[in-house]
Amino acid sequence: MEDRIVRIVRTGRSTSVRRPGRRAALATAVIALLAIIPALPASSVSVAQSVIVSDDPSNDTPHVLDGKVLSVAHVGNWIVLGGKFTEARNAGTSTIHQRKNLLAFNATTGQLSTSFAPTVNNDVNVVLPAADGTSVYVGGKFSTYNGTAVKKLIKVDATTGDLDTGFKPKPLSAVKDLVLRGDRLYLAGDFKKVKGQDRIGLAAVDPLTGAVDPDVNIPFTEPRNGSSPSVNKIDVTPNGTRLIAIGNFKKAAGQTREQIAMLDVGSTPATLANWQTSRFAASNCSNSFDTYMRDVDISPDGSYFVVVTTGAYSGGPPTLCDTASRWETAATGTDLQPTWVNYTGGDTLYSVAVTGTAVYVGGHQRWQNNPYNGDSKGPGAVDRSGLAALDPANGVPFTWNPGRGRGVGVFSILATSDGIYIGNDTEKLGGEFHARIGMFPTAGGTTPPVTVPGAIPGDFYRVETSGNFQKRTYDGTTFGSPQSAGGSLSTLRGAMMLSGKLYHGASDGKFYVRSFNGSSLGSATQIPTLGLESKGFAPQNLTGMFYDNARIYYTISGRTGLFYRYFTPESNILGAEEFTATTGGGVDWKNVKGMTMASGRLYVVVQSGSGGNVTGRLYRVNWVNGLPSGSLTQIGGQGVDSVDWRSLGLFVLAP
């Protein structure tokens, strides 16, 4: 009865129990249970974290001495591991414990459970907490559990290992992934039947009995490669309305959905959502894989999800082999495009966990931000051995770089309130011995800096062609009289300001950041451009620059267009790819001589005239969704204030 009540109050879907004569008793029981049962986080969607975790792994996790850890679950105060292994030992000890494909250890002490030591006769692909906080679902290839015949998916007590004999979903083939939302347990895998009913690749069952849910029946068909379709990974939004499925299929519910599909599981019955992309239909990823999709994770707020892949290097953009890519959950339509893509340069990513603050990816990658070279370090690439933390806003790597022994890869990343657990197949994490399982704690982690550009009303700074800094107040309508500001920098080329820091190119071809308080400049720190000069970013030729929506926008002397690339101030890493925002918008971009953006408006200085009549006029235009919008309004220069607004750099002070 307790399990049944917990399931009802935790469901994200509207659930009613029609038991005449028992409603009052049931309501009383629910109220009593709510007072004593702690709320459990929704399974599968990662726990939100406010920091980038520490790069120093915990010393307390045990060691799995062979094979690989494929899945990690947090159940009560236990961490449960599933995979393909036979031996483990506690940290700091030499005693070896036999553990066949499934084990548990204390989340606080790291000590292996002595009461939970089952024998599972084949691979455990996935472990998942049950709603009762004491049990775990176990899915995989196995056919026996402690010698008892079972069928690929079971539920067991995480403390004692006792099998729940009342839960019998009976999928006929391997289970590869599980998600629990409300009163549905979703399972994905190679199966074509569940409990005798036709379900190709995906099914939903009652989490207590395993009875098949008749309202979830979307067949996944036509394998991309091989003879049999499968759904390899799934995730469901926290509110239980959208399911993302990836795997070896080309159709879902009879409609074209190449390797990825979104379902509306909030409707009755579940239907295929109006969400389709062709970006995973490319045939130039390696055919040695049945599918090159490897993992998917939805953000804690449900607004976006990230997909990671294998597939081998195939010439870089726009192919999505060996990448991490972000997609928006609320998007609708056909031929949808990712928000961003980060490339490894030909190395597989197997796992992803999204915490809101960071996107953690794991595999056997050597680099991130590496779209241009295959199996070597190209322009923009940064070293990230087996693990990386990406900025959710743009996919650019954060500074976090603990490293790991690469091996085949990281197969599972679990985010909890205490940190992230890494399930893999090697023995080194952060330069230390941590065999096949490790944890990077939130304690000692870092909070990404707040990135604040200048705002209006504010102070406009113009770096004159002589290098002197000139300041003018601006209230959105009227400029104050010019004032000399401290500092002179004749080598400056293009400038923008964020949270007390001035970023600028220089005549020596380098990119710098330094402090600026409105009157004095700090010493310069070089930001490595990582060979991106060959890909359009030439700091010595910058004529204007500003920051918006995790991007640096810039103009280049002699080039027609407003360009942008991603940029993350926490790591000072520039995105490898250059994008063209616009070549129009009413602005002569090749003649820009200063540019800034503040409070939803773009301010741009355009040089015009010839001979001795060359001058610079300042214009203002609305900035909407990453583009200038509407007509330009001249607010300075010839015909307005007779000031020549040309500059080496233009920016609004951002304290």
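Within the stretch 548-561, being open to solvent by less than 30 Å² (accessible area, probe 1.4 Å), touching a residue at least 60 places away in the same chain (Cβ under 8 Å) and over 15 Å from ARG493 (Cβ atoms) holds for one residue alone: ALA550. Just a yes or no: is a residue in the stretch 332-339 crowded, with 24+ Cβ neighbours inside 10 Å, closer than 24 Å to VAL51 by Cα and among the polar types (S, T, N, Q)? No, the conditions are met nowhere in the stretch 332-339. Condition check for THR291 on (1) open to solvent by 10 Å² or more (accessible area, probe 1.4 Å); (2) touching a residue at least 12 places away in the same chain (Cβ under 8 Å); (3) farther than 30 Å from SER50 by Cα: one failure, at (1).
Scanning the stretch 138-156 for residues that are among the charged types (D, E, K, R) and touching a residue at least 24 places away in the same chain (Cβ under 8 Å) gives LYS141, LYS152, LYS155.
Only one entry in SER647, SER629 is part of a strand (DSSP E or B), under 41 Å from the mean Cα position of the chain (by Cα) and not β-branched (Val, Ile, Thr), namely SER629. Based on this model, can you work out whether GLY311 counts as under 23 Å from ASP190 (Cβ atoms) and without any contact (Cβ under 8 Å) to a residue 40 or more places away in the chain? Taking the combined requirement at face value, the residue satisfies it.
For the stretch 357-409, a residue qualifies if it is crowded, with 21+ Cβ neighbours inside 10 Å and among the hydroxyl-bearing types (Ser, Thr, Tyr), and the qualifying residues are THR357, TYR360, TYR372. Count of the stretch 428-441 residues, restricted to those that are part of a strand (DSSP E or B) and either on the phi > 0 side of the Ramachandran plot or open to solvent by 30 Å² or more (accessible area, probe 1.4 Å) (or both), is 3. Selection of the stretch 218-273 for residues being within 19 Å of PHE289 (Cβ to Cβ) and of a type in the set (Lys, Arg) yields ARG224, LYS233, LYS250, LYS251, ARG257.
Going by what's in this entry, would LYS510 be described as at pLDDT 95 or above, in contact with a strand residue (DSSP E or B) (Cβ under 7 Å, 6 or more places away or on another chain) and charged (D, E, K, R)? In short, yes. When the stretch 637-655 is filtered for residues that are open to solvent by 60 Å² or more (accessible area, probe 1.4 Å) and of a type outside the set (D, E, K, R), the ones remaining, listed by number, are GLN638, GLY639, VAL640, SER642, PRO655.
Mind listing just one residue for me: the one in the stretch 179-200 that is assigned to a strand (DSSP E or B) and either of a type in the set (Phe, Trp, Tyr) or open to solvent by less than 10 Å² (accessible area, probe 1.4 Å) (or both) and, of those, farthest from ALA261 (Cα to Cα)? Ranking the candidates gives VAL194 first. Checking each residue of the stretch 598-617 against the condition of being closer than 30 Å to VAL51 by Cα and part of a loop (DSSP other than H, G, I, E, B) gives at least one match. Of all positions in the stretch 539-549, at least one carries a residue that is under 28 Å from the mean Cα position of the chain (by Cα) and farther than 17 Å from GLY594 by Cβ.
Which of (1) assigned to a strand (DSSP E or B); (2) open to solvent by 30 Å² or more (accessible area, probe 1.4 Å); (3) more than 23 Å from GLY419 (Cβ to Cβ) is the odd one out, the single condition HIS74 does not satisfy? The single condition HIS74 does not satisfy is (3). For the stretch 488-542, give me each residue that is open to solvent by 50 Å² or more (accessible area, probe 1.4 Å), closer than 22 Å to THR580 by Cα and in contact with an Asp or Glu (Cβ under 8 Å, 6 or more places away or on another chain). The answer is LYS535, GLN540.
Has the stretch 620-636 got any residue that is closer than 24 Å to SER490 by Cα and open to solvent by 70 Å² or more (accessible area, probe 1.4 Å)? Quick ask: steps written out before the conclusion?
First, pick out the residues of the stretch 620-636 that are closer than 24 Å to SER490 by Cα: 636.
Still in the list and also open to solvent by 70 Å² or more (accessible area, probe 1.4 Å): none.
No, the stretch 620-636 contains no residue that is closer than 24 Å to SER490 by Cα and open to solvent by 70 Å² or more (accessible area, probe 1.4 Å).
Going through GLN259, GLN255 one at a time, which residue ends up being out of contact with any Asp or Glu (no Cβ under 9 Å at 6 or more places or on another chain) and surrounded by fewer than 17 Cβ atoms within 10 Å (Cβ to Cβ)? Just one listed residue meets the conditions, GLN255.
Out of THR221, THR241, THR237, one residue alone is touching a Ser or Thr at 6+ places or on another chain (Cβ under 7 Å) and of a type in the set (Ser, Thr, Tyr). It is THR237. Taken over the stretch 94-111, the criterion of being surrounded by 16 or more Cβ atoms within 10 Å (Cβ to Cβ), small (Gly, Ala, Ser) and in a loop (DSSP other than H, G, I, E, B) is satisfied by ALA107, GLY110.
Here SER412 passes the criteria (1) among the polar types (S, T, N, Q); (2) in contact (Cβ under 8 Å) with a residue 24 or more places away in the chain; (3) surrounded by fewer than 24 Cβ atoms within 10 Å (Cβ to Cβ) except the one numbered (3). Does at least one position in the stretch 455-476 carry a residue that is open to solvent by 10 Å² or more (accessible area, probe 1.4 Å), in a loop (DSSP other than H, G, I, E, B), closer than 30 Å to VAL354 by Cα and in contact with a strand residue (DSSP E or B) (Cβ under 9 Å, 6 or more places away or on another chain)? No: the stretch 455-476 contains no residue that is open to solvent by 10 Å² or more (accessible area, probe 1.4 Å), in a loop (DSSP other than H, G, I, E, B), closer than 30 Å to VAL354 by Cα and in contact with a strand residue (DSSP E or B) (Cβ under 9 Å, 6 or more places away or on another chain). How do the strands (runs of 3 or more DSSP E) wholly within the stretch 201-314 filter down when requiring 1 or more residues that are farther than 28 Å from VAL361 by Cα and either at pLDDT 95 or above or under 24 Å from the mean Cα position of the chain (by Cα) (or both): which remain? Because the criterion is at least 1 residues that are farther than 28 Å from VAL361 by Cα and either at pLDDT 95 or above or under 24 Å from the mean Cα position of the chain (by Cα) (or both), the strands (runs of 3 or more DSSP E) in the stretch 201-314 that meet it are 202-205.
Table: residues versus (1) at positive phi; (2) buried (at least 19 other Cβ atoms within 10 Å of the Cβ); (3) in contact with a Cys (Cβ under 6 Å, 6 or more places away or on another chain).
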{"residue": "THR134", "(1), (2), (3)": "no, no, no"}
{"residue": "TYR137", "(1), (2), (3)": "no, yes, no"}
{"residue": "ASN146", "(1), (2), (3)": "yes, no, no"}
{"residue": "LEU153", "(1), (2), (3)": "no, yes, no"}
{"residue": "THR160", "(1), (2), (3)": "no, no, no"}
{"residue": "GLY166", "(1), (2), (3)": "no, no, no"}
{"residue": "LYS176", "(1), (2), (3)": "no, yes, no"}
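With respect to the stated conditions, THR114 fails to be open to solvent by 10 Å² or more (accessible area, probe 1.4 Å), in contact with a Phe, Trp or Tyr (Cβ under 8 Å, 6 or more places away or on another chain), β-branched (Val, Ile, Thr) and under 22 Å from GLY438 (Cα atoms).
Would you point out which residue out of VAL410, VAL382 is modelled with pLDDT of 95 or more, more than 28 Å from VAL75 (Cα to Cα) and of a type in the set (A, V, I, L, M)?
It is VAL382.
Could you go through the stretch 588-603 and let me know if any residue there is open to solvent by 50 Å² or more (accessible area, probe 1.4 Å) and among the aromatic types (Phe, Trp, Tyr).
No, the stretch 588-603 contains no residue that is open to solvent by 50 Å² or more (accessible area, probe 1.4 Å) and among the aromatic types (Phe, Trp, Tyr).
Condition check for SER488 on (1) over 21 Å from the mean Cα position of the chain (by Cα); (2) at pLDDT 95 or above; (3) of a type in the set (Ser, Thr, Tyr): one failure, at (2).
The values are calculated or read from the model by the stated rules, or taken from the named source; none is laboratory data. Values in this document were obtained by computation on a predicted structure and should not be read as measured data. Here the Cβ is made from the backbone with ideal geometry for all residues, glycine too, and neighbour counts use every protein chain on show. The area values use the complete protein model at the heavy-atom level, side chains included, leaving out ligands, DNA and RNA. Shrake-Rupley method; radii C 1.70, N 1.55, O 1.52, S 1.80 Å.
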